[in-house]
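Engineer: Encoded as structure tokens, here's the structure I'll be asking about.
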Amino acid sequence: MTGQTTVKILRESGKYLKRKAIQNLSLAILCLMLFAGIFLSSVPPFPFYINLGSYNGVRTLATLFPLIGTLLFQRKYRRYKHGLEGENHVTKTLSSTLNDEYYLINDVWLPDGKKGNIDHIVLGPTGIFAVETKNQTGKIECNGDVWNGVIGRNPSKQARDNAFRVHDAIASSEIFKSRKLWVQGVVVFANKDVDLDVQNPHKVDILKSDGLVNYILAKESNLSSQEIELVGKEILKQMQTF
């Protein structure tokens with residue numbers, strides 16, 4: 001089903017993760033500069049040394065706080081950067097393979113009062129998919145709804161919640177009041193080095209990114225091209241009012 005034209009991207013990916021990565025990198029640099037300033041002022045041979053008398057020990061102890069802050073913010077920066085790379089990989093995979101019958105909306109924020117973004121929403125003749133992307137390596141196990149080896153929140157719960165959020169956003173439109181639409185939650189692992197062991201996943205599908213396109217194409221739905229376009233417009237409309 002790969003056509004000469006590619007999937008229609010309604011919103012680019014990575015805006016949230018890129019913003020968070022830059023934010024944490026900036027904080028890490030700020031903490032490092034603060035640490036350097038306190039350290040240089042506490043060592044006698046350095047020209048910036050300031051003798052605080054009985055408070056010299058307190059100043060030495062104070063260097064620990066910006067040092068810890070540097071390490072923590074650097075760790076967060078690397079996590080967000082890693083997540084951004086995973087989302088970009090999935091976006092590239094979808095946009096280079098699916099044809100223009102499909103729409104792709106990335107980094108979706110909905111006005112439903114719930115925290116967190118939806119990494120990707122795919123709309124097409126084979127259905128509506130809410131995709132939660134992970135970019136971890138190593139051994140990952142999922143049995144039912146129990147995960148081992150993952151960092152952060154339960155991926156299958158995130159995918160299920162996001163599928164319900166997308167469904168509710170669409171159903172709130174007058175256009176789809178009488179139309180029953182199904183949104184499939186999907187967890188996708190973007191890193192090729194992940195060792196994924198999945199058994200009896202609970203109401204979501206879990207797979208590697210290299211199998212995502214074939215998975216989408218193999219599904220069946222009765223969505224018309226007009227309905228697909230209207231769903232995309234409704235999601236964008238709700239995002240714009242948020």
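Engineer: So how many residues does segment 182-207 have that are buried (at least 17 other Cβ atoms within 10 Å of the Cβ) and closer than 17 Å to Asn88 by Cβ?
Structural biologist: Within segment 182-207, residues that are buried (at least 17 other Cβ atoms within 10 Å of the Cβ) and closer than 17 Å to Asn88 by Cβ number 5.
Engineer: Take His120 and tell me if it is touching a helix residue (DSSP H, G or I) at 6+ places or on another chain (Cβ under 7 Å) and at pLDDT below 90.
Structural biologist: It is false that His120 is touching a helix residue (DSSP H, G or I) at 6+ places or on another chain (Cβ under 7 Å) and at pLDDT below 90.
Engineer: Do we have Ala218 as of a type in the set (Gly, Ala, Ser) and surrounded by 14 or more Cβ atoms within 10 Å (Cβ to Cβ) here?
Structural biologist: So Ala218 does not fit the description; no.
Engineer: Further question: Which of the residues that make up segment 112-135 are under 17 Å from the mean Cα position of the chain (by Cα) and buried (at least 21 other Cβ atoms within 10 Å of the Cβ)?
Structural biologist: Ile118, Asp119, His120, Ile121, Val122, Phe129, Ala130, Val131, Glu132, Thr133, Lys134, Asn135
Engineer: Name, by its number, the condition in (1) crowded, with 23+ Cβ neighbours inside 10 Å; (2) in contact with a helix residue (DSSP H, G or I) (Cβ under 9 Å, 6 or more places away or on another chain) that does not hold for Trp109.
Structural biologist: All conditions pass for Trp109, except number (1).
Engineer: Which of the residues belonging to segment 1-17 are assigned to a helix (DSSP H, G or I) and buried (at least 18 other Cβ atoms within 10 Å of the Cβ)?
Structural biologist: Tyr16, Leu17
Engineer: Is there a residue being surrounded by 14 or more Cβ atoms within 10 Å (Cβ to Cβ), at pLDDT 90 or above and not β-branched (Val, Ile, Thr) anywhere in segment 44-61?
Structural biologist: The answer is no; no qualifying residue exists.
Engineer: If you don't mind, there's one more thing I want to ask. Looking at (1) touching a Leu at 6+ places or on another chain (Cβ under 8 Å); (2) in a helix (DSSP H, G or I), which is the one condition that is false for Val186?
Structural biologist: It is condition (2) that Val186 fails.
The values are calculated or read from the model by the stated rules, or taken from the named source; none is laboratory data. On a predicted model such as this, the values are computed, not experimentally measured, just so you know. Reconstructed Cβ throughout: ideal geometry from the backbone, glycine too, with neighbour counts over all protein chains shown.
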